[in-house]
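Trainee: Let me give you the structure first, and then I'll get to my questions.
The numbers here are math on the coordinates, done by the rules we state, and not lab data. Predicted model only: the values in this text are computed from it and were never measured. So basically every Cβ, Gly included, is an ideal-geometry build from the backbone, and we count neighbours across all protein chains shown.
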Amino acid sequence: MKRYYFYLTLPLFTLVALGCSLRPENQKVEGVNAAALSQGEWMALSKPGPSHRLLEVLVGTWDAKLSFRSEPGGKVQVSPGTSTISWILGERFIKEEFTGEALGERFQGLGITGYDSAARRFTNVWIDSLNTALATSFGKYLPEENRFDFIGEVYDPLRGGMKTTRSMMRVISTTKYEFVMFDTTPTGTEYAALQIEYTKR
């Protein structure tokens, strides 16, 4: 059962929460109104802007320490990992290539993160070699805490339906940041299921 829960929670490694009671499709999207834009403003939406530059601090090669628990108050299992993050498509997105161990098994993960200038929100897509799910999450940046908050949704076979996931990424310095993903038990108790500490090489 614990290994099963690990595979359910692992896919949402990268930036991902606006509130765990909301589903992504129910979030209010405060995007731009095309009718109110000039031609120059409309064209600017296709180019990287200040929000994209917030992702610059993540670019590089990182050593990662993964701490995972399968239930509230459960034993923490620690494993190593490596992450390489680079700009792609004219610095519109960052790509994360992650390798690590999960309960003694090697795995690979791939994440794409960017800022949707029209929707005015960050978006992350994640896939890995532990399952066949493609996870998408949406978020915002909190400048006062130098933190990205995301919310996503994943299918939970134990419940036979979708469940909301919440995560956050906090930039500590130019050489350190942390990622925390929260999970919810079938009874509704939220807990920190996965924490990743990144140290830049």
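Trainee: So what's the net charge close to G111: Lys and Arg +1, Asp and Glu -1, counting the other residues with Cβ under 11 Å from its Cβ?
Mentor: Overall, the nearby charge balance is -2.
Trainee: Measure of size requested: the Rg and Dmax of the chain, with Cα atoms as the atom set and Å as the unit; please supply both.
Mentor: 17.0, 56
Trainee: What number comes out for the charge environment of K200, summing +1 per Lys or Arg and -1 per Asp or Glu over other residues with Cβ under 10 Å away?
Mentor: +1
Trainee: Turning to a different aspect of this structure: Can you list the HN-Hα couplings for segment 143-159, worked out from phi with the Karplus curve (6.51, -1.76, 1.60; θ = phi - 60°), rounded to whole Hz and with x for Gly and Pro?
Mentor: Each residue's phi maps through the Karplus curve to give x, 5, 10, 6, 9, 9, 10, 10, 10, x, 9, 9, 6, 10, x, 5, 9 Hz.
Trainee: Write down the Kirkwood hydrodynamic radius of segment 107-201, to one decimal in angstroms, obtained as one divided by the mean of 1/r over all alpha carbon pairs.
Mentor: When all Cα pairs of segment 107-201 are included, the Kirkwood radius is 14.7 Å.
Trainee: What number of lysine-lysine pairs in the chain show an alpha-carbon separation below 22 angstrom, given a sequence spacing of 8 or more or placement on distinct chains?
Mentor: Lysine pair count for the chain: 17.
Trainee: Compute the signed sum of charges (Lys and Arg +1, Asp and Glu -1) over the other residues within less than 13 Å, Cβ to Cβ, of K176.
Mentor: In short, +1.
Trainee: So what is the calculated 222 nm ellipticity per residue for the chain, using -39500 (n - 2.57) for each DSSP H run with n of 4 or more, over all residues, to the nearest 500 deg cm²/dmol?
Mentor: The helix-only estimate for the chain comes to -2000 deg cm²/dmol at 222 nm.
Trainee: In segment 48-164, if the dipole is taken from +1 on Lys/Arg beta carbons and -1 on Asp/Glu beta carbons about the Cα centre, which of G81, I94, P48 is farthest to the positive end?
Mentor: After comparing all options, I get P48.
Trainee: Using the Cα centre as the reference, give the magnitude of the dipole from point charges on the C-beta atoms of the chain (Lys, Arg: +1; Asp, Glu: -1; all else neutral), rounded to the nearest 20 debye.
Mentor: Approximately 120 debye in magnitude.
Trainee: When a/c reaches 1.5 or more, the comparison of a/b and b/c decides; with that in mind, is segment 153-201 rounded, prolate or oblate per its Cα gyration tensor?
Mentor: prolate
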